[in-house]
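Enquirer: The structure that follows is given in the form of structure tokens.
The values are calculated or read from the model by the stated rules, or taken from the named source; none is laboratory data. Everything numeric in this text was worked out from a predicted model, so none of it was measured. Glycine also receives a Cβ, built like all others from the backbone with ideal geometry; neighbour counts cover every protein chain displayed. What goes into the accessible areas is simple: the full protein's heavy atoms, side chains included, and nothing from ligands, DNA or RNA. Shrake-Rupley method; radii C 1.70, N 1.55, O 1.52, S 1.80 Å.
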Amino acid sequence: MDSSSQEEAIKAAKVLMVGAGGIGCELLKTLALSGFQDIHIIDMDTIEVSNLNRQFLFRQCHVGQSKAKVARDAVLKFRPGINITSYHANVKDPQFNVEFFKQFSVVLNGLDNLDARRHVNRLCLAAEVPLVESGTTGFLGQVTIHVKGKTECYECQPKPTPKTYPVCTITSTPSKFVHCVVWAKDLLFAKLFGDRNQDNDLNVRSNDGSNSSKPVDVFERSPEEDPEQYGRKIYDHVFGYNIEVALANEETWKNRKRPRPVYVTDVLPDKLIQQNGNSEDCDNGQSAFSAMLSVGLKNPQDIWSIAENSRIFLEALRLFIEKREKDIGNLTFDKDDQLAVEFVTAAANIRAYSFGIPLHSLFEAKGIAGNIVHAVATTNAIIAGLIVVEAVKVLQGDFQMNRMTYCLEHPSRKMLLMPVEPFEPNKSCYVCSETPLLLEVNTCSTKLRDVVEKIVNAKLGMNLPLIMHGSTLIFEDGDDLEEDVAANYAKNLDKVLAELPVPVTSGTMLTVEDLQQELSCNINIKHREEFDDEKEPDGMILSGWTSVTDKSKQVNGESRLTTSPDALEAKGKSYGVEIAPEKPGTKRKLSEMLETTANHNVSRSNLNFNAANQANPQEVEDNDDDVVMLDENPETTKKKRTQLHLHSGSTSSLQ
């Protein structure tokens with residue numbers, strides 16, 4: 001098409017942007033300057049101070065305000081003649097249904113999590129509106145195009161699950177600093193400040209000195225205990241007593257370095273213990289208390305001594321009790337909660353010291369605890385530009401020219417951008433095809449509630465599911481249900497599958513629907529007696545939406561393609577590039593693929609990208625601030641982050 005027809009297509013387009021963060025700010029600016037006249041933006045977030053270094057539409061005075069609304073106002077100042085509609089809302093809200101999506105010419109994603117991406121993908125499929133997906137992580141980025149019936153949808157290839165660690169390693173035998181961070185964040189912090197009634201793998205029992213036969217929960221604070229006494233008791237229990245209990249099992253330490261118990265009096269003189277907490281509290285007027293500043297430490301990139309970590313631990317606990325008592329019992333770890341980060345850093349470092357693991361700074365610990373890879377504004381700008389390029393092709397109806405483009409950290413054949421032809425739909429995809437899934441489960445012991453929560457909600461990403469066994473409705477979720485109907489479904493949730501009014505047994509096929517997403521899929525049930533508690537903690541395995549391949553590998557019920565890194569040329573390992581076989585047992589050389597890619601004529605049958613290191617899959621994300629699980633500190637993982645996985649997704653929610 002000529003430039004005049006291209007200009008007409010742009011001016012006539014009605015565009016929906018989802019996300020107004022790192023990519024979103026750049027994208028809105030680029031759309032406006034490219035001539036788009038009608039733009040709608042959805043974002044539920046408010047502006048934080050940490051956003052200001054890269055989200056250039058925002059200023060200090062905007063902190064706390066809606067990202068979508070401020071972005072709109074900022075762009076209208078230099079492009080006043082266009083129509084921009086902002087929604088400070090969750091894209092999963094009922095108002096953004098299939099009918100809402102149908103009014104748009106194209107949808108452009110600048111999201112930072114898997115859940116919202118799945119939701120938008122399904123609405124675009126139902127509305128038959130093209131979707132341009134994107135993501136960035138540090139210097140890596142990607143733009144992919146998804147058109148119903150012409151290309152694969154966002155969910156045609158399964159996404160790697162977040163990095164997890166065996167419970168026994170976390171609780172008993174940590175060997176890396178990340179193990180200590182997970183322990184401090186998910187066990188200790190959760191026990192002290194979250195819901196204490198939830199199951200927890202911490203050893204919370206001790207013997208009361210006054211009555212050795214009566215075990216007590218040391219995490220219970222008695223009325224006569226002041227915060228300092230309580231803090232010392234917790235410290236001595238988790239870092240001293242618990243380690244001594246672990247050391248009693250000689251078998252565990254035959255081939256491992258023995259940890260050392262740590263007690264307050266071992267690392268802090270009485271004078272320092274008494275002084276702790278007497279410094280002036282740091283309060284900026286928004287209850288943002290800081291234990292670090294309270295004890296006189298200022299540089300977050302310093303590595304604290306064991307004594308300093310101990311002081312931070314005790315001071316942070318005191319501040320939570322005295323200044324944020326109303327929050328205790330309802331808290332979950334938040335990387336933007338300064339006091340929470342300080343507590344977790346100190347606790348992780350004390351545990352690391354006990355197990356002979358190198359200590360880390362607060363800056364490094366925050367990166368690990370918050371799964372952060374720091375954002376690069378330039379990458380966001382490049383990806384936003386590529387989104388607009390692909391959107392223009394979509395509007396012109398020129399799907400043959402659409403490309404999925406990957407931004408690399410290091411040049412390959414003098415290219416930082418690698419364009420690839422869009423992949424064809426996966427015939428095994430449960431979202432955009434009718435292929436049934438397979439669920440292996442013990443139908444005699446598993447409750448319907450477990451299937452709904454762990455499979456339908458968590459793995460299939462359905463918000464308001466409806467489950468049918470033949471023509472019988474066995475479960476439905478929604479606010480508009482009558483009380484007696486909702487009560488019947490609630491009873492079903494607590495019943496074992498085989499004991500439901502219409503029993504679910506081996507060979508049963510369930511139909512699962514989400515009316516909001518207009519998505520329906522079938523699940524075949526296969527009875528299985530036993531599961532490995534460590535490898536299959538859910539007690540059930542879901543599979544069936546990955547292309548059939550001899551190279552597939554089951555990981556916690558999700559199958560993803562794997563290939564030995566040895567099969568790749570050394571040059572390709574840096575980028576995690578895998579060449580899918582044209583014929584069984586054959587592979588193309590990476591050099592051939594790169595030459596073909598440079599000529600822009602690579603097809604889905606010739607190319608498939610996966611993380612070369614399957615033990616630690618990385619994903620490309622829009623990082624606000626960025627969601628990638630690191631298994632070591634940021635410096636040692638810098639090289640690993642050069643790996644590129646084509647299919648982005650995340651664990652945090654847009655809610």
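Enquirer: Sort out for me the Cα centre separation of the range 102-138 from the range 323-370, rounded to whole Å.
Expert: Centre-to-centre (Cα) distance: 34 Å.
Enquirer: Just the accessible area per residue of the range 1-92, please: how many Å² with a 1.4 Å probe?
Expert: 42
Enquirer: Provide the per-residue ³J(HN,Hα) series for the range 442-457, in order, calculated from phi with Karplus coefficients 6.51, -1.76, 1.60 and θ = phi - 60°, each as a whole number of Hz, with x at glycine and proline positions.
Expert: Values per residue, Gly and Pro as x: 7, 5, 8, 10, 8, 8, 4, 4, 5, 5, 5, 6, 8, 10, 5, 7 Hz.
Enquirer: Ignoring ligands, DNA and RNA, what percent of the 1.4 Å accessible area of the range 337-399 is carbon and sulfur?
Expert: C and S atoms contribute 61 percent here.
Enquirer: What is the ratio of the Cα radius of gyration of the range 375-414 to 2.2 N^0.38 Å, where N is its residue count, to two decimals? Walk me through the numbers before you get to the answer.
Expert: Working: Rg = 12.2 Å, N = 40, 2.2 N^0.38 = 8.9 Å.
Here the answer is 1.37, to two decimals.
Enquirer: What number, in nm² with one decimal, is the all-direction average of the projected area of the convex hull of the alpha-carbon atoms of the range 392-532? Mind showing how you got there, number by number?
Expert: Numbers: hull surface 54.2 nm².
Convex hull of Cα atoms, orientation-averaged projection: 13.5 nm².
Enquirer: What would the Debye equation give as log₁₀ I(q)/I(0) for the range 293-392 at q = 0.21 Å⁻¹, counting only Cα atoms as equal point scatterers?
Expert: So the normalised log intensities work out to -1.07.
Enquirer: Accessible area, 1.4 Å probe, largest first: how do 535, 77 sort?
Expert: 77, 535
Enquirer: Ok, one more. Compute the projected area of the convex hull of the Cα atoms of the range 104-157, averaged over all viewing directions, and report it in nm² to one decimal place.
Expert: Values: hull surface 15.0 nm².
Average projection, Cα convex hull of the range 104-157: 3.8 nm².
Enquirer: Here's something else I'd like to know. Ranked from the most accessible area to the least, with a 1.4 Å probe and all protein chains present, what is the order of 410, 179?
Expert: Working: 410 85, 179 10 Å².
So the residues, ranked largest to smallest area, are 410, 179.
Enquirer: If you don't mind, there's one more thing I want to ask. Can you tell me the FRET efficiency between residue 433 and residue 472 if r is taken as the Cβ-Cβ distance and R0 is 22 Å, rounded to the nearest 0.05?
Expert: 0.30
Enquirer: Now, a different point. Per-residue HN-Hα couplings for the range 132-149, Karplus 6.51 cos²θ - 1.76 cosθ + 1.60 at θ = phi - 60°, whole Hz, x for Gly and Pro?
Expert: 10, 9, 8, x, 9, 9, x, 8, 8, x, 7, 10, 10, 10, 10, 10, 4, x
Enquirer: Taking a threshold of 19 Å on the Cα-Cα distance, which of the pairs 29/150; 92/459; 393/427; 14/150; 67/459; 491/526 fall above it?
Expert: Pairs exceeding 19 Å: 29/150; 393/427; 14/150; 67/459; 491/526.
Enquirer: Quick one: Cα centre-to-centre distance for the range 1-71 and the range 426-500, in angstrom?
Expert: 38
Enquirer: Which far-off residues, 5 or more places away or on another chain, put their amide H under 5 Å from the one on residue 86, with H placed in the peptide plane?
Expert: 41
Enquirer: Output wanted: per-residue J couplings in Hz (rounded whole) for the range 43-58, from phi through Karplus 6.51 cos²θ - 1.76 cosθ + 1.60, θ = phi - 60°, x for Gly and Pro.
Expert: So the J values, rounded to whole Hz, are 7, 9, 7, 10, 6, 10, 4, 5, 6, 5, 6, 9, 8, 6, 7, 10.
Enquirer: Continuing with the same structure: So how much accessible area does residue 69 have, in Å² to the nearest 10, using a 1.4 Å probe?
Expert: 100
Enquirer: Placing +1 on the Cβ of each Lys and Arg and -1 on the Cβ of each Asp and Glu in the range 1-131, which of 87, 31, 109 has its Cα farthest towards the positive end of the resulting dipole?
Expert: Ranked along the dipole, the leading option is 87.
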